[in-house]
Each structure stands twice: as structure tokens, then as C-alpha cells.
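The values are calculated or read from the model by the stated rules, or taken from the named source; none is laboratory data. Values in this document were obtained by computation on a predicted structure and should not be read as measured data. Positions of Cβ are backbone-derived with ideal geometry, glycine not excepted, and every protein chain shown enters the neighbour counts. The protein model used for the area step is the full one, side chains on, heavy atoms only, and it has no ligands, DNA or RNA in it. Shrake-Rupley method; radii C 1.70, N 1.55, O 1.52, S 1.80 Å.
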Amino acid sequence: MFALPPAIVAGEIVRLQTRQHVVALTFDGGGNSDGATGVLKVLRREHVPATFFLTGHFVQSFPVLARVIGRRYPVGNHTVNHLDLLRLSPSAATREITRAATMIRRSTGRDTHPYFRFPYGSRNSRTLRLVNELGYASVRWTVDTWGWMGLSQQSVSGAVRRVMSNLVPGEIVLMHLGSRFVTLAGIRAPR
């Protein structure tokens, strides 16, 4: 199928391999788009790079937003319907991934290779092997802002504390787009 870049032959990225004081900001888009415009404005205003992991459902529901994201940022595959791949047959899991790749490419203009994020982070050796055989590396995260819990369970300041409390070079930060998710859209990036 596709060859994985040498830096990710192990099949999974958990942290960037660097000693520089940088982190990777990643956003999962699978639900609604309510927080996306604010996130994009802050990233653009502050010149902050990010990677977006989108579902096929998201790009189908929000095609204009998907195109805007695709013009500026790398885009990874997050399946069509955000299903737990452990509960699917290998053929059904493959369809979720390959259909999403097609949908995302059409909507964003971006090839999702080699970036894949498992819904819920749920994977095992079988699903990891399947993803790798499709030419993807699983992109995990070092810290989850818990934005998926919604504002009733997690505040912006709480999310920032989670990220900053054990900050190390190469950290991969997981955030989400959508109205029930906490994003860091209200936080100014340090200069």
C-alpha cells in the first residue's frame, strides 16, 4: 500500500521526537462546528500551526469549514462515523478508514496520509496493524484537555492547567472542535 516515513515506522506517534520547546496542537472534529471558527481565528491571528483530525461525517456536514481547514492545516483521518474500531470487523474498519480518506480529500483537498487518530484512542494490535497497512501512523496524544467532557465538566482554565502542569518538549495536545467541547480559542498564545 503506502510506505510510512522512517520516523514513524513503529506505527504510532505519542510525542514529537524533539528537545526543542515545541508542542503539537491537534484538534479532533467529529461532532458539530460551533467552536471551529473561534479556534481558526486564534490560530491564524497568532500564527500557530495545528493538525486537524476530521471525520467523514464532519466534512460532509461542514464542507465550507472543511475547505478552510484544508487550505491552511494538515488534516488527518478520524474515520467516517467516529466508531470504535475494536467493535468492527476488519473489513468494516477498513471501510470506515478508506471512505473517510476519500470524503476528507474531496472536502479539504488534502490527503490524510500518514496521520490517523483512533476514535476514543481505542486500539489494539489488530487495528493498529490494519491502520499501518493502509499507510497510516496512529497519532496519539501526550495530554488530553478533556474538552470532550464539555464546559459543564471542564473549564478553559482547567484545560490550560492540564496542558501546562507537566509540559515537556514534543508534547501532543488533544483538543476538540464543537460546542460541547472546551477549546483554547480564548487563550492568547505566548509570544
Vicinal HN-Hα couplings computed from phi for the range 93-99 (Karplus, 6.51 cos²θ - 1.76 cosθ + 1.60; Hz; Gly/Pro x)
5, 4, 4, 4, 6, 6, 5
Given a 1.4 angstrom probe, what's the average accessible area per residue across the range 1-137, in square angstrom?
52
Which order do 78, 21 take by accessible area at a 1.4 Å probe, largest first?
21, 78
For the range 10-116, state which GluC sites (Glu not before Pro) are in a DSSP loop and have at most 12 other beta carbons lying within 10 Å of their beta carbon.
46
